[in-house]
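Values in this text are rule-based calculations from the coordinates and carry no lab data. As the structure is a prediction and not an experimental result, all values here were calculated from the model. In this analysis, Cβ positions are derived from the backbone assuming ideal geometry, glycine residues included, and neighbour counts consider all displayed protein chains.
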Amino acid sequence: MNTKIEGRVYVVTGGSKGFGFAIANCLVQLGARVALLSRSATLLEQAVDMLGRENARALVADVSSREDLCAAFAEAKEHYGRLDGLINNAGVARPNKVENLVEEEVITQVTTNYLGTVFACQAAIPLLRGGDNPRIINISSASAHHYDEFSHLSIYASTKAAVERFSRDLAVELQPDGIGVTCIRPGGADTDFAADWDPEALMAGFEAWREQGTYMATGMEPAQVGDAVAYALAQPPGVAVDLLEIRPNQRAAKP
């Protein structure tokens, strides 16, 4: 049990599946309690059942709505009596060639991935201020800096690069409040992140990705991203992990 995390309360956006659920599960295993945010009530309830209702609370919210987020964060703090940190994990991707980008999908990625991060921070900061070693973790993506993750993800990668730049300014602004800010940049792992992608756009991106080279990197599990988050959260007051990149490191032939 990590005593630096035990008993603390964290909000995890996009916490019902993928990296978000893996992060929440890791924190619960270390003795924390979590509030999971997602737009899907069904997925949230399933996630809470798996984590244990004494450890997790489901909060339906759209991260693109500042009003939704403020209400959800207030409910989380009222329910648990404290709030120690925010993990900004919610994100969506819609692959497409730049000339074929669909306006609605561009807007969805920008509002969810970037504005959702900004709005969640705005909702969390007043509730974190004055706490014992409060933390904000913003989840970026290796796609923001590496071109071999996947193809045709220009908007997704751009929004994650924006999250990283935003995180640097946020870290400086929150130093007087003692709120540590970390940006974590995970690479690919086995999740259902691409489950709702358009099949035709997915295959076009897949073929373009294959043309970049024969080999890919594999071997990372979502739980290892949870471990990286826990490491950043457990730093002592006055110390913050600025940027942490975690990527798979086993060479395999592309399928």
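Springs join every pair of Cα atoms under 10 Å in this Gaussian network model of the chain, and among Val110, Val102, Val48 the largest mean-square fluctuation is at Val102. Hydrodynamic analysis of the range 1-118 uses the Kirkwood radius over alpha carbon pairs. Inserted into Stokes-Einstein at 10 °C and 1.306 mPa s, it gives a translational diffusion coefficient of 108 µm²/s. Taken about its Cα centre, the range 108-255 carries a charge dipole of about 320 debye when Lys and Arg each add +1 at the Cβ and Asp and Glu each add -1 at the Cβ.
Compute a Gaussian network model of the chain, connecting alpha carbons closer than 10 Å, and tell me which residue from Ile87, Ile107, Ile139 fluctuates the most. The residue with the greatest mean-square fluctuation here is Ile107.
Residue separation times 0.36 nm, minus the C-alpha to C-alpha distance between Arg210 and Arg168: what's the value? Please list the in-between numbers first.
Numbers: separation 42, 0.36 × 42 = 15.12 nm, distance 3.37 nm.
Gain in length upon complete extension: 11.8 nm.
Three principal axis extents describe the C-alpha atoms of the range 53-104; from largest down they are 49, 22, 18 Å. The residue among Val106, Ala252, Thr182 whose Cα reaches farthest toward the positive pole of the charge dipole of the chain, with charges on the beta-carbon of Lys, Arg, Asp and Glu, is Thr182. Overall, the chain carries a charge dipole of about 640 debye about its Cα centre when +1 sits on the Cβ of Lys and Arg and -1 on the Cβ of Asp and Glu, all other atoms neutral.
Here the Kirkwood formula, the inverse mean of 1/r across different C-alpha pairs, assigns the range 6-47 a hydrodynamic radius of 10.0 Å.
How fast does the range 178-255 diffuse by Stokes-Einstein, in µm²/s, taking the Kirkwood radius from C-alpha pairs at 37 °C and 0.692 mPa s? Please report the intermediate quantities before stating the final value.
On the way: Rh = 14.9 Å.
Estimated diffusion coefficient is 221 µm²/s.
Its Cα gyration tensor gives the range 9-253 an equivalent ellipsoid. The semi-axes, each the square root of 5 times an eigenvalue, are 29, 19, 18 Å from largest down. Shown for Tyr156, Tyr80: other C-beta atoms within 10 Å of each C-beta, ranked fewest to most, produce the order Tyr80, Tyr156. Of all complete DSSP H helices in the chain, those with a Cα span along the helix axis of 24 Å or greater and a mean Kyte-Doolittle hydropathy of -1.0 or more are 154-174. Label sites at Ala195 and Val106, each approximated as a point 7 angstrom past Cα along Cα to Cβ, lie 2.9 nm apart.
Each Cα pair under 8 Å and six or more residues apart adds its separation to the average, and for the chain the resulting relative contact order is 20 percent.
Amide H contacts for Ala56 (H built 1.01 Å from N in the peptide plane; partners 5 or more residues away or on another chain; cut-off under 5 Å): Val34.
Using only side-chain charges placed at the Cβ, +1 for Lys and Arg and -1 for Asp and Glu, the dipole size of the range 1-122 relative to its Cα centre rounds to 420 debye.
Report the one residue of Ser64, Gly205, Gly238 whose Cα lies farthest in the direction of the positive end of the charge dipole of the chain (charges on C-beta: Lys and Arg +1, Asp and Glu -1; origin at the Cα centre). Of the listed residues, the answer is Gly238. Taking every DSSP beta bridge that has both ends in the chain, the antiparallel portion is near 15%.
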